[in-house]
Amino acid sequence: MTIILLLAISFAASFVGTLAGSGGLNGMPSLLLIGLPIHQVIGSVKFPIMFSSFSSFYILLKKKQLKLKDALQLIPFALFGGLCGGLLANSFSRRQ
């Protein structure tokens, strides 16, 4: 039953995310309500966003609307932000 509920929540969050741009708005609270820990909820919401962002980046690069040189200059900032976010999330208590 839990798997079916997770699939339904994922479908609804993806559908709303496609239309309105914020699937986490209904996905995160729903996953928290069924009892998943916060680290799993954040991971399950951010994982598909990573693929969506990469595919958008690839399309922009392929259509030559983005220069590779400009994108490469942003990599250190993205890595630093990801590292800080990961360390901050890891510092939170696992208790609910």
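The numbers here are math on the coordinates, done by the rules we state, and not lab data. Remember, it's a predicted structure, so these values are computed and weren't measured experimentally. Note: ideal-geometry Cβ built from the backbone for every residue, glycine included; neighbour counts use all protein chains shown.
Tell me, which longest segment in the chain has none of the trypsin sites (Lys or Arg not before Pro) that fall in DSSP loops with at most 12 further Cβ atoms within 10 Å?
Here the longest segment lacking exposed loop sites spans 1-62.
To one decimal place, what orientation-averaged projected area in nm² is obtained for the convex hull of the Cα set of the chain?
For the chain, the mean projected area of the Cα convex hull comes to 7.6 nm².
Testing the spin-label approximation: label points 7 Å from Cα along Cα→Cβ at residue 33 and residue 7. State their distance in nm.
Those two pseudo-labels are separated by 2.1 nm.
Once you charge only the Cβ atoms, +1 for Lys and Arg and -1 for Asp and Glu, what is the size of the charge dipole of the chain about its Cα centre, to the nearest 20 debye?
The calculation lands at about 300 debye.
Positive end of the charge dipole of the chain (Lys, Arg +1 and Asp, Glu -1 on Cβ, about the Cα centre): tell me which of 53, 11, 92 has its Cα farthest that way.
So the residue we want is 53.
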